[in-house]
Number of protein chains: 2
Amino acid sequence: MRLKLIHHPICPHSRFVRLALHEYNLATDLIGERVWERREEFLMLNPAGTVPVLLVEGQSPVPGAAIIAEYLVDVLGDKSNSLALLPVEPIARIEVRRLMYWFHEKFFDEVSGLLTEERYRLFMPPDSGGGSPNHRLIREARENIGAHLAYIDLLVEEHDWLAGDRLTYADLAAAAHLSIVDHLDDLQWPEAGAAKRWFERMRSRSSFRSLKESWKGFVRR
Amino acid sequence: MRLKLIHHPICPHSRFVRLALHEYNLATDLIGERVWERREEFLMLNPAGTVPVLLVEGQSPVPGAAIIAEYLVDVLGDKSNSLALLPVEPIARIEVRRLMYWFHEKFFDEVSGLLTEERYRLFMPPDSGGGSPNHRLIREARENIGAHLAYIDLLVEEHDWLAGDRLTYADLAAAAHLSIVDHLDDLQWPEAGAAKRWFERMRSRSSFRSLKESWKGFVRR
């Protein structure tokens, strides 16, 4: 099946899904969407008006990073792929999902969401909230990041990957949201610790490198 | 297994989990938590500092409404219970999860979160953000609710329950968040339509009626 993903190049939730699709080796066409335009055709696909949305031919759209992550596990199962981004065991799943939400919600609210929101405003017309970025919010995002980097450090000092001994959705979520900081702002690791080495490892994966092609895929349709 | 749920009586995400546990017939002890106190013992259980958190003896804590919902499906499976709050079929799951997030995220941001936040402030000390409620935000929540009630109406005109022909997590999420409006403010249904009948049906379930015991269970430990 050929998949389509409606996304925005600097949306961290879209980036998370792109990493997951790439890790699962699922070729996907990217379709860019400027969510603030609230286009009617797009709202028909996802009434919540948010990206990412995964389109699978002949099927209802799959909206949102967490829902797409669960959907991929549901359809791929554990058998079809040696790479299980979500473990099979219920208790192991708790930690992967916990960290996935940590980045999708907490890190987004405190860091990556503030940065992307302020960047979007540069592209938005004034009547949709466009204008110059709010430097107070960008400063706030910068101040919040330290605690998260320290938390990652704590986790990867105990094991190779965020949620244990293998790569999971937790690593992809963290890397996707950090990639936004890296792209829009200045990601400064406090020191050459375990977290920095983990991020270098993530960055060298081909899934992560493919994020660079974002803008190339940003065609309106 | 005897479960414990760390919750707050007017937290809609906690109420959703209480509905789910009750529907699954899982007896649970309630433990109240005032999250704004940021107690160290509580942050050890859930570093994100949010309720609900499900405690299962001898196991790591399960934090957050969505994670608890998935966890219950993972451990109960489809076999142990004739009531499947999440369907087995991957495509049917999309709609249930989509609506579950609709209420947990969108409705919370636009309505139930604003109302609970402003109510919490009455109990919070001034240095943690306590004070009198912000009436502008409460008015905003009231203005936002109409579109959501109309959306519910649209959904239950097509089928008995929000996501189809059976009760699912979607109904529990909607009912939990609406129960907050009902409890804290004045839930006014535009007319005696399908949505209102759906809510009356939800309200008469024993799981919903058990929400009233919230405060009784609100002991510090």
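The values are calculated or read from the model by the stated rules, or taken from the named source; none is laboratory data. Predicted model only: the values in this text are computed from it and were never measured. Note: ideal-geometry Cβ built from the backbone for every residue, glycine included; neighbour counts use all protein chains shown. Surface areas here come from the heavy atoms of the whole protein model, side chains and all, with no ligands, DNA or RNA. Shrake-Rupley method; radii C 1.70, N 1.55, O 1.52, S 1.80 Å.
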Task: Residues within region B:40-62 that are in contact with an Asp or Glu (Cβ under 9 Å, 6 or more places away or on another chain) and surrounded by fewer than 14 Cβ atoms within 10 Å (Cβ to Cβ), tallied - done: 1
Task: Among residues of region A:1-30, those that are over 15 Å from the mean Cα position of the chain (by Cα) and either among the basic types (Lys, Arg) or open to solvent by 30 Å² or more (accessible area, probe 1.4 Å) (or both), counted - done: 8
- [ ] Report, by residue number, each residue of region B:167-195 that is more than 27 Å from B:His8 (Cβ to Cβ) and without any contact (Cβ under 8 Å) to a residue 12 or more places away in the chain.
- [x] B:Glu191, B:Ala192
Task: Of all residues in region A:22-72 being more than 26 Å from A:Val96 (Cα to Cα) and hydrophobic (A, V, I, L, M, F, W, C), the one that is farthest from the other protein chains (Cβ to nearest Cβ) - done: A:Leu30
- [ ] May I ask you to list the residues in region A:1-38 that are outside any strand (DSSP E or B) and aliphatic (A, V, I, L, M)?
- [x] A:Met1, A:Ile10, A:Val17, A:Leu19, A:Ala20, A:Leu21, A:Leu26, A:Ala27, A:Val35
TODO: Mind listing just one residue for me: the one in region A:73-86 that is open to solvent by 30 Å² or more (accessible area, probe 1.4 Å) and more than 9 Å from every other protein chain (Cβ to nearest Cβ) and, of those, modelled with the lowest pLDDT?
DONE: A:Ser80
Task: Number of positions in region B:126-146 that are exposed (fewer than 13 other Cβ atoms within 10 Å of the Cβ) and aliphatic (A, V, I, L, M) - done: 0
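Report whether or not A:Pro133 is more than 21 Å from the chain's Cα centre (by Cα) and within 14 Å of another protein chain (Cβ to nearest Cβ).
On the way: more than 21 Å from the chain's Cα centre (by Cα): yes; within 14 Å of another protein chain (Cβ to nearest Cβ): no.
Taking the combined requirement at face value, the residue does not satisfy it.
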Open item on the list: With the structure loaded, tell me whether B:Leu115 is more than 11 Å from every other protein chain (Cβ to nearest Cβ) and hydrophobic (A, V, I, L, M, F, W, C) or whether it fails that test.
Closed with: yes
